[in-house]
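Notes to accompany the following structure.
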Amino acid sequence: MEEFMLPCLNKSLTGVDCFGCGGQRALLLIFKAEFSQAFYMFPGIYPILILLAFLILNLFVKFRYDFQIKIALIIFSGAVMLISYLIKMNTYLQLTQ
């Protein structure tokens, strides 16, 4: 499965990680049951999986405040991705100085 992973276009062109860098590898680590390594690789993987599970479940079961839950999960996933990206870039900048 590892040989079928797509390369990050942003990282290959600029050398800088994008917001989603590590997502494919984190999903592969989850399939291998290496959950802590998956979180370390890409912290946004778990909120995204929770959002995906809710979206799939919501196709079959209607919830009272489903739209608000979806928006909250989207904002939370984006915030986790943004914060982890800023921490990663801060660490990267400190290492290059």
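FYI, it's all coordinate maths here, none of it is from the lab. Computed from a prediction, not measured in an experiment: that's the story for all the values here. Backbone-built Cβ (ideal geometry, glycine too); neighbour counts: all protein chains shown.
Per residue, the convex hull spanned by the Cα atoms of the chain amounts to 124 cubic angstrom. For the chain, the number of Lys pairs separated by eight or more positions or lying on different chains, with C-alpha atoms closer than 27 Å, is 5. Please find, in a Gaussian network model of the chain (springs between Cα atoms separated by less than 10 Å), the residue of G15, G78, G44 whose mean-square fluctuation is greatest. Among G15, G78, G44, the largest GNM mean-square fluctuation belongs to G15. Cβ crowding within 10 Å ranks R25, R64 as R64, R25, fewest other Cβ atoms first. For the chain, the longest principal axis of the alpha carbon atoms and the long axis of helix 66-96 meet at an angle near 10°.
With a sphere of radius 12 Å drawn around the Cβ of Y92, what net charge do the other residues whose Cβ falls strictly inside it have (Lys, Arg +1; Asp, Glu -1)?
Computed value for this residue: +1.
The loop-placed chymotrypsin sites (Phe, Trp or Tyr not before Pro) in region 30-74, going by DSSP, that have at most 14 neighbouring Cβ atoms within 10 Å of their Cβ come out as F63, Y65.
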